[in-house]
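Structure, as structure tokens:
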Amino acid sequence: MNQSNKKNLEFIINSGVNYFLQDSPRNWFENEKKLGQSDFNKNTGDKKTHIDEVIKDLKNHKSSLQKTATKLVVYDGNLNAKVMLIGEAPGSDEDQQGIPFVGRAGQLLNKMLLAINLQREDVYITNVVNWRPPDNRTPNDNEILEFLPFLQRQIEIIKPKFIFLLGGVAAKAILSTPLALGKLRGKWHEYKSLNLEQGIPTIASYHPAFLLRSPQYKKHSWEDLQMLQEKLINES
């Protein structure tokens, strides 16, 4: 783990996992000094080089999850994307191929993107956790904390204009709240971190795997997608 990663993780751990128990979304770094920002900004290599460094650090990071997983799953898509989509963790198909969202949920995600005139190649797709949890269980708080610095680094490298969170785990990790997804979706939030000069507009919505099990929520997901589409139209 590099020094920047250690600083991020130390800050989060010192905050305590109790931040998951608060009743409203919180910006961890709202009033904190931006530690390490100058060092990060001096690193002016291209995005691919930086992402490759994250992948290297993930490979060197020893996690209990990798004992039962097959392949590390980091990202897919466009390094210059305006939109970053963040899911939960790899499933069985992703674990076999080493690519996020390639199973049935991934096929639905592709259709969701097409509905707002986006191709998979237009966005950057990743997960909160990069190894498949045993039996596809939900990542626990310690696992979310373990991989959060790697996710933060990806956000800081890609610098998307918008973040679209897929599911409750992604909402918990990025918005730092235990609130149910139904209370978070349908409105814009803001993601901030140590190494970003300004916040990133962020919206939380349902995970495609959940929509496959509960198709009655697709109309709500469509509303969230339309909110994103409106932002993209106004941006262009």
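Every read-out reported here was derived from the displayed coordinates using simple, explicitly stated rules and does not represent laboratory data. Since this is a predicted model, take the numbers as computed values, not measurements. FYI the Cβ positions are ideal-geometry reconstructions off the backbone, even for glycines, and counts take in every protein chain you see.
Here the Karplus curve 6.51 cos²θ - 1.76 cosθ + 1.60, taken at θ = phi - 60°, turns the phi angles of the stretch 202-208 into couplings of 9, 10, 10, 9, 7, 6, x Hz, with x standing for Gly and Pro.
Computed over Cα pairs, the Kirkwood radius of the stretch 116-177 leads via Stokes-Einstein (1.567 mPa s, 4 °C) to a diffusion coefficient of 101 µm² per second. In a fully extended conformation the segment linking N80 and E53 would gain 8.0 nm over its present Cα-Cα distance, using 0.36 nm per residue.
Note that the stretch 69-86 has calculated 3J(HN,Hα) couplings of 9, 9, 10, 5, 10, 10, 7, 8, x, 9, 5, 9, 5, 7, 10, 10, 9, 10 Hz, one per residue in order, obtained from phi through the Karplus relation 6.51 cos²θ - 1.76 cosθ + 1.60 (θ = phi - 60°); glycine and proline are x.
Label-to-label distance for K192 and A180 is 3.0 nm, based on points extended 7 Å past Cα in the beta-carbon direction. Summing Lys and Arg as +1 and Asp and Glu as -1 over all other residues whose Cβ lies under 15 Å from the Cβ of E235 gives a net charge of +2. Take each peptide in 177-187, 124-134, 143-153, count the other Cβ atoms within 10 Å of every residue, and average; sorted highest first, the result is 124-134, 143-153, 177-187.
Within the stretch 45-174, the percentage of alpha carbon pairs spaced more than 25 angstrom apart rounds to 18%. Label separation (Y217 vs R137): 2.1 nm, computed from points 7 Å beyond Cα along the C-beta direction.
Beyond 28 Å in Cα-Cα separation lie the following of the pairs K47/K71; K62/K231; K47/K172; K62/K172; K47/K231; K47/K67: K62/K231; K47/K67. Proximity of backbone amide H atoms, modeled 1.01 Å from N, is registered between Y191 and I200, T202 at under 5 Å, excluding neighbours fewer than 5 places apart on the same chain. Taking R0 as 25 Å, what's the FRET efficiency between N60 and Q97 from their Cβ-Cβ distance, rounded to 0.05? Efficiency, from the Cβ-Cβ distance: 0.70. Placing a pseudo-label 7 Å from each Cα along the Cα-to-Cβ vector at Q107 and K159 gives an inter-label distance of 3.8 nm.
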